[in-house]
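A.B. asks: Please read through the structure below; I'll follow up with questions.
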Amino acid sequence: MQTTLKKVLTLFCCVSLAVTALPMQAANLSQRPDVQAFIQTMVKEDNFNASYLNRLFDKVELQPKVIALISHPTEAKDWQFYRNFFITDERVSKGYLFWQKHYRVLENLQQQYGIPASVIVAILGVETFYGERQGDYRVMDALTTLAFEYPPREKFFRRELAEYLRLVRDHHLAPMSLKGSYAGAIGMPQFMPSSYRHYAITYKGTHYINLQKNENDIMASVANYLKENGWQRGQPRATKVIINKKSAVDLLKPNVPPTQTLGELRALGLQVDSAYADNLKANIVLLSMPQEPLYDMGFNNFYTIMRYNASVNYAMAVYILSNTLEQCWQEKLKSCNIA
C-alpha cells in the first residue's frame, strides 16, 4: 500500500511540475479588461488598429516561468556567486577573440564616443556571452506575462510592452518572431524595447538597426547608450579603498551615484590611491559576501554602467572583465586567464 501510494504521489508531483512549466492558458486574452484597456490606450495614443492588437494578443502564450525567474534574479545573489559565474577564463578568451575580430570598429567607437573598447566587449560578454545566449522567450510573450501577471512591476513592463509594439511597427518586424530574455530584453546587448528605440543606432547610418546579428550596430549602440547616460571620456571607473575608520561606513550611502568628492571621503577616513584627485566624485561600493561585505570605490563611470543594469554586482563584473581584457589585449595573450 505504501509503495502504491508513493508511486501515486510521485506521479502527481511530476504531472504538477509539468503543468507549471507549460504556458498559462491565454485564450481570448485580448478580452481581459486590463488587456483591453491597454489596447484601447494604444489605439488612442499611438493610432494602432484595435482589431490587429486583439488578434496579436490572442496569439500570446503567457509564461509562468518568467515570473519565477524575475522573482529570483541572478543579480540578487552574493558577489562571490556572481563573480564565479561571469568572470571565467572562457569568457575572457572569447572576449579577446571578439575584440580581435572587431578591432577597427572598436577603435573607431572609442575615438568617437570615448568608451573604452574593453568596456563594450565586457558588456557583451556579461550580457549574452558575445551573442551566443540571447534568450529563448518570445519577447511578446515575456513582456505580456510581466505586464499583466506580475503586479510588483506591472507599470514598468506595460510601458516596455507599449515600446515594443511601437518598435516592431516602426521597424516593420514581426512581433511574434523576436526572441529575447525572460524580461523581454532583445539581442546581443540585451536592450529593453525602450532602450532599443532610444539608443540603438546603425554603425554605417543605414535605416534598419539589427541588434540580433549586426555586430557593428550592436557595438555602436552600446557605446551610444553609455555616452548618452553620462559616461565621462578618460575618467576612471573604480578602484580599491581602505576604510581606516569603520564608523565612516555608517556615514555613507553605498551603491548610489556619487555626490561627494574624494577629498570629502578621505576626510571621513577612506584611503584611496593618491593618483586620484580630491575633486573627483566617488562613492563606496558594497559587495555582499557570505561572510562579510567587501568595499570598493566607484566613480561616475561605474555608476553609468549601472544605468545599463541597476546592479552593483553587474557593474563590478563588467569592470573586472574589462580590466582583464585590457591587460590581455596589451600583452597580446590569446589564451589569457583571469587572475
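The values are calculated or read from the model by the stated rules, or taken from the named source; none is laboratory data. Quantities reported herein were computed from a predicted structural model and do not represent experimental measurements. Positions of Cβ are generated from backbone atoms using ideal geometry, with glycine treated the same way; all protein chains shown enter the neighbour counts.
A.B. asks: Which members of segment 99-121 meet the condition of being more than 17 Å from GLU331 (Cβ to Cβ) and either under 20 Å from the mean Cα position of the chain (by Cα) or not in a helix (DSSP H, G or I) (or both)?
C.D. replies: First pass over segment 99-121, keeping only residues more than 17 Å from GLU331 (Cβ to Cβ): 101-102, 104-115, 119-120.
Those that are more than 17 Å from GLU331 (Cβ to Cβ) and either under 20 Å from the mean Cα position of the chain (by Cα) or not in a helix (DSSP H, G or I) (or both): HIS102, GLY114, ILE115, VAL119, ILE120.
A.B. asks: Right, another one. I'm trying to understand the selection: among the residues of segment 279-296, which are more than 12 Å from ALA238 (Cβ to Cβ), in contact with a Pro (Cβ under 6 Å, 6 or more places away or on another chain) and of a type in the set (A, V, I, L, M, F, W, C)?
C.D. replies: Matches in segment 279-296: LEU286 only.
A.B. asks: Another question about this same structure. Restricting to segment 236-253, and then to whatever is exposed (fewer than 15 other Cβ atoms within 10 Å of the Cβ) and at pLDDT 80 or above, can you tell me which residue is nearest to SER118 (Cα to Cα)? Don't jump to the end; show me each part of the working.
C.D. replies: Within segment 236-253, the first condition is being exposed (fewer than 15 other Cβ atoms within 10 Å of the Cβ), and the residues that meet it are 240, 242, 244-247, 250-251, 253.
Next cut, at pLDDT 80 or above only: 240, 242, 253.
Values: LYS240: 20, ILE242: 27, LYS253: 29 Å.
My answer is LYS240.
A.B. asks: Of GLU292, GLU326, GLU264, which residue is surrounded by fewer than 17 Cβ atoms within 10 Å (Cβ to Cβ) and part of a helix (DSSP H, G or I)? First the steps, then the outcome.
C.D. replies: Working: GLU292 fails: part of a helix (DSSP H, G or I); GLU326 fails: surrounded by fewer than 17 Cβ atoms within 10 Å (Cβ to Cβ).
Exactly one residue qualifies, and that residue is GLU264.
A.B. asks: Of all the helices (runs of 4 or more DSSP H) wholly in segment 129-211, which have at least 2 residues that are closer than 19 Å to LEU62 by Cβ?
C.D. replies: Numbers: elements: 139-149, 154-170, 193-199.
Helices (runs of 4 or more DSSP H) meeting the threshold: 139-149, 154-170.
A.B. asks: Another question, if that's okay. Hey, does segment 169-192 have a residue that's loosely packed, with under 15 Cβ neighbours inside 10 Å, under 25 Å from VAL119 (Cα atoms) and outside the structural domain of ALA282 (by TED's automatic domain parsing)?
C.D. replies: The answer is no, given that none of the residues of segment 169-192 is loosely packed, with under 15 Cβ neighbours inside 10 Å, under 25 Å from VAL119 (Cα atoms) and outside the structural domain of ALA282 (by TED's automatic domain parsing).
A.B. asks: Check whether at least one residue in segment 249-257 is in contact with a helix residue (DSSP H, G or I) (Cβ under 9 Å, 6 or more places away or on another chain), part of a strand (DSSP E or B) and in the same structural domain as ASN309 (by TED's automatic domain parsing), and report yes or no. It would help to see each step written out before you state the result.
C.D. replies: Narrowing segment 249-257 to residues in contact with a helix residue (DSSP H, G or I) (Cβ under 9 Å, 6 or more places away or on another chain): 252, 254-257.
Narrowing the set further to residues that are part of a strand (DSSP E or B) leaves none.
No, because not a single residue in segment 249-257 is in contact with a helix residue (DSSP H, G or I) (Cβ under 9 Å, 6 or more places away or on another chain), part of a strand (DSSP E or B) and in the same structural domain as ASN309 (by TED's automatic domain parsing).
A.B. asks: Right, next: Every residue in segment 212-242 that is assigned to a helix (DSSP H, G or I), within 24 Å of TYR314 (Cβ to Cβ) and touching a residue at least 40 places away in the same chain (Cβ under 8 Å), please. So that I can check it myself, show each step before the final result.
C.D. replies: Start the filter on segment 212-242 by keeping residues that are assigned to a helix (DSSP H, G or I), which leaves 215-228.
Checking which are within 24 Å of TYR314 (Cβ to Cβ) leaves us with 215, 217-228.
Across segment 212-242, the qualifying residues are GLU215, ILE218, MET219, ALA220, VAL222, ALA223, ASN224, TYR225, LEU226, LYS227.
A.B. asks: For segment 4-27, does any single residue satisfy the condition of being at pLDDT below 95, within 25 Å of the chain's Cα centre (by Cα), under 30 Å from PRO293 (Cβ atoms) and assigned to a loop (DSSP other than H, G, I, E, B)? Outline the logic, then answer.
C.D. replies: Step one: list which residues in segment 4-27 are at pLDDT below 95, which gives 4-27.
So of that shortlist, the ones also within 25 Å of the chain's Cα centre (by Cα) come out as 21, 23.
Filter once more, keeping what is under 30 Å from PRO293 (Cβ atoms): none.
Taking every residue of segment 4-27 in turn, none turns out to be at pLDDT below 95, within 25 Å of the chain's Cα centre (by Cα), under 30 Å from PRO293 (Cβ atoms) and assigned to a loop (DSSP other than H, G, I, E, B).
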